[in-house]
Each structure stands twice: as structure tokens, then as C-alpha cells.
1. Of all residues in region 327-357, count the ones that are touching a Phe, Trp or Tyr at 6+ places or on another chain (Cβ under 8 Å) and among the aromatic types (Phe, Trp, Tyr).
2. So which of SER163, SER169 is of a type in the set (S, T, N, Q), at pLDDT 95 or above and touching an Asp or Glu at 6+ places or on another chain (Cβ under 6 Å)?
3. Given the options SER242, SER214, name the one that is of a type in the set (Gly, Ala, Ser), closer than 22 Å to TYR73 by Cβ and not in a strand (DSSP E or B).
4. Could you please let me know if ASP305 is more than 16 Å from ligand 3 (Cβ to nearest atom) and surrounded by 14 or more Cβ atoms within 10 Å (Cβ to Cβ)?
5. Condition first: within 27 Å of ILE213 (Cα to Cα) and outside any helix (DSSP H, G or I). Can you find one or more residues in region 266-287 that meet it?
6. When you scan region 45-61, do you find a residue that is surrounded by fewer than 18 Cβ atoms within 10 Å (Cβ to Cβ), at positive phi and either within 12 Å of ligand 2 (Cβ to nearest atom) or without any contact (Cβ under 8 Å) to a residue 60 or more places away in the chain (or both), even just one?
7. So, of the residues in region 141-159 that are over 21 Å from MET216 (Cβ atoms), surrounded by fewer than 22 Cβ atoms within 10 Å (Cβ to Cβ) and hydrophobic (A, V, I, L, M, F, W, C), which turns out to be nearest to ligand 2 (Cβ to nearest atom)?
8. Check region 356-370 and report whether any residue there is among the aromatic types (Phe, Trp, Tyr) and surrounded by fewer than 22 Cβ atoms within 10 Å (Cβ to Cβ).
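The values are calculated or read from the model by the stated rules, or taken from the named source; none is laboratory data. Because the structure is a prediction, the values reported are computed rather than measured. Positions of Cβ are backbone-derived with ideal geometry, glycine not excepted, and every protein chain shown enters the neighbour counts.
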Amino acid sequence: MTESEFQKVIRSNIPTFEDLENEIIQNEKCCACGACIAYCESQGFDVIEMIDNTPRFKSKKSIDNCNKCGICYYICPQTKTLMKELNNNYYVHDKIGHIRKILAAKTTNSTLKEIGQNGGIVSAILIYLFEKHKIDAAIVSEFNDNFEPIPKIIFNKEDLFKSAGTRYSISPQIFPLKNINKLPQEILKKKEIFNTDQLRIAFIGTPCQCRAISKMKFLDVKPAHIIKYNIGLFCFENFNHSQLYDIIERETNVDPTNIKKTWIKKNFFLQTKDKKQYEIDIKTLNPAVRSNCLECDEFTGRFTDISVGASGAPEGYSMILIRSERGEKVINSMFSKDIIEQFIVPFDKTIQWKNQKLEWFKKLISLKTKN
Ligand SMILES: Cc1cc2nc3c(=O)[nH]c(=O)nc-3n(C[C@H](O)[C@H](O)[C@H](O)COP(=O)(O)OP(=O)(O)OC[C@H]3O[C@@H](n4cnc5c(N)ncnc54)[C@H](O)[C@@H]3O)c2cc1C
Ligand code: SF4
Ligand code: SF4
Ligand code: SF4
């Protein structure tokens, strides 16, 4: 066999974007994380795009131009590839994943207390990382007038006030990394960075999105090399934006432009800009749940440095699951500087409290997978 024939055989066994389309995208398993496009475009291959939160080839010619490297398939969080390796790397032995510490806490910043979803912990972590010059940027999710999430790379802590809170529909968080090589020079200069490889970014995302980042980091592929902190949000399910707000408008007569805040506490709640509150039976929203979420067994984000959520937390607090040494250093330092305050559990009840939380998460995950 000549070398080129041998190479052809190897290549023909590498799954490509066409396999991703057949296995994941057409079967509605894509979680619209944007990892495939972020990788492909940042490498200059420029053959796939995202239309209506669905990745696809840009044109028929793009199918030929795809170099069939297969990286998009390997890093997709919805393919089974690399899961054994990831589980080993993150010491995952059960559905909750490896936890160094579990606690509840809230921000001490009065503005964040107002606008944060729960304890304002995620934004507080990012403010701390910016202030201590541990990051140059963060990937967060802002939103437009229609309450539609917009993933964004931000470069200063002041912008965090535009992203605090939760919007319950898809925000393709990895997508903005596609343009990482096209950042304006003045932004880099301000950060005293001369090469985008020197950027240090904190990533905020749902567990599936954090899994994609972890796969990329495991394979050491760009542009995930600049993600320094991988911070996950608990996630039971996510919704299609247009379907979700069609149902909400039908049920409440409130259109998304008039929504100030939404939250889920058994049922779905919303507060309007003129401070009226509505409750919607969560089952009414079932038709808007994204199909890919129906098969998801993640909840607490197993492949992260820190995971944050509301479930199990006392009112006004967030639960924090610390998973890595890096994550632990950040949270410890924030406590020592009174940036966040911990929910105090009586000394003789700490083990019972932790076990209760873990049991609760397990119950939610089994409910999720049963559904
Ligand atoms: C789709 C979705 C479903 C969730 N489901 C649950 C659940 O079932 N149980 C539970 O306990 N917690 C759930 N959460 C997490 C919860 O809503 C809070 O995000 C979490 O408790 C952190 O609150 P905080 O006050 O510490 O964060 P904040 O300081 O308010 O920061 C929130 C962060 O979330 C980011 N964000 C907002 N919307 C999105 C989005 N659509 N996609 C990605 N990032 C986003 C923002 O960029 C911001 O950085 C969910 C979050 C999302 C996005
Ligand atoms: S060039 Fe590589 S990453 Fe891009 S679509 Fe083709 S196989 Fe995927
Ligand atoms: S990498 Fe993300 S956006 Fe691309 S196919 Fe997989 S889930 Fe969808
Ligand atoms: S339920 Fe699972 S697949 Fe759906 S957004 Fe949340 S983590 Fe991703």
C-alpha cells in the first residue's frame, strides 16, 4: 500500500462534519454550543456556519472545501467520543461528578444582590477575577430587547451588569470564540496583550457547553487554550426562544419586550418591567423544551472548575460545587476578602446538610433521565 492510500484509509475512518450532521444535528441532538464553528472558523477553514442555532455547511462548495480533519466531531459535547478520557481526567464516577467542596453562598455586592439570578455568585466570581487581573475577558450571555440571549466576550467588569440573571433559552456560548483572531488591536493593547494566545478567559455556560470546552482542552485545540476558568450553571432543561415566549404570551399576555426577570421554582415565574408577577405551570412549557435536553443526563456540570445553581440553596443564595484546585483557590480568596458570604450550617449538621444536597441532585438527575 502506498503512503497516500494508507492516508486515505486513515482519513476515511475519521468522522467529519457530515457525520456530525447525520448523527447529531439531523437527530435534533445538537445543543447549539457553537464549538464546531468556533474551532473550524478560528482555524481559517471557514466552511460551516450557524443559522437559527443550527450548524450547517455554508454552501455546496464548502462540503468539498471541508478538510475532513474531524475535530468538530471530536469536540462536539453530544458525541460519545472522549467521554471515557474526560471522566478519567475529571475523576467522574457518578452522575454528579467529582466535588472537592459543596457550599451555599451569596454576593455582598448590593447591586449584584438586586440583579443576580440567585446569590449573584457567577457575576461576583467574574468581578473578582477581573479585579485581581486573573482574567482579561469573560464569555457571558447578554440579551436583546426580546429577552433573547446573546453570547458575548466582555473585557471589563462593568459589562457584567448587563449579563447577570438567567434567560431560559439557548445562548451558543462557544460561538463568539470563532472571531478570537479578529479582536480589535486596541482591546489587546489596553490589556497589554500582543498575541491572542496570551488572553485569559473565564467561560460561563450550561453543562453541555462546559463539556465541549473540556473536550477541546483535552485535545488541546484552539481556541479553547485561552479558557482559564470553566464555570458551569446547573441546568435541568433549556427552551427554544420563540416557542417559549409564544406560550408565555398566550398564557399571560406579556410579550418578551416587557419582561424584567424569569426564574424557575417548581413552576416558571416572570416579573414584568412594571413589577407584575406571573406564574406558569412548568408542564405548559414542555413543547418548548429543546429536543437535545430530553436525552441529557447532566445537571450540575461535571466538567467544570466551579458549578453554580439554585437547586438546594437557601433563598437568596447559590449552591457552589467546587471541582478543581483552581476553583477552590478562587472561592477561598473571595471568602477571605468578604466578596461573598457563606450560608452557615450548624457545625453538628454539616455532613447531614451536604448529604441531603447530594441526594437532592441525584434525585433531580434521575428524574431528568427518567423523563
Ligand atoms: C438554561 C438554564 C437553565 C438552568 N436551570 C437550572 C436549574 O434547573 N436548576 C438550578 O439550580 N439552576 C439552573 N440554572 C442556573 C441558575 O439559573 C443561575 O444561573 C445560577 O444559579 C447562578 O446564579 P447567580 O445568581 O450566581 O448568577 P448571576 O450572577 O446572576 O450570573 C448568571 C450568569 O448566567 C449567564 N447566563 C444567563 N442566561 C444564560 C443562558 N441562557 N445560557 C448561558 N449562560 C447564561 C450570564 O451570562 C451570567 O454570567 C439554569 C441556567 C440556565 C442558563
Ligand atoms: S474542516 Fe474540520 S472542523 Fe471544519 S467542518 Fe470540516 S471536519 Fe469539521
Ligand atoms: S459542537 Fe455544539 S453546535 Fe456543533 S453540532 Fe455539536 S452540539 Fe451542535
Ligand atoms: S439540559 Fe443538558 S443539553 Fe439541555 S441545555 Fe442543559 S446541559 Fe445542555
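1. 1
2. Sole residue among the options that is of a type in the set (S, T, N, Q), at pLDDT 95 or above and touching an Asp or Glu at 6+ places or on another chain (Cβ under 6 Å): SER163.
3. None of the other options fit; the residue is SER214.
4. It is true that ASP305 is more than 16 Å from ligand 3 (Cβ to nearest atom) and surrounded by 14 or more Cβ atoms within 10 Å (Cβ to Cβ).
5. No: zero hits.
6. Scanning region 45-61 turns up at least one residue that is surrounded by fewer than 18 Cβ atoms within 10 Å (Cβ to Cβ), at positive phi and either within 12 Å of ligand 2 (Cβ to nearest atom) or without any contact (Cβ under 8 Å) to a residue 60 or more places away in the chain (or both).
7. Of everything passing the filter in region 141-159, ILE150 is nearest to ligand 2 (Cβ to nearest atom).
8. yes
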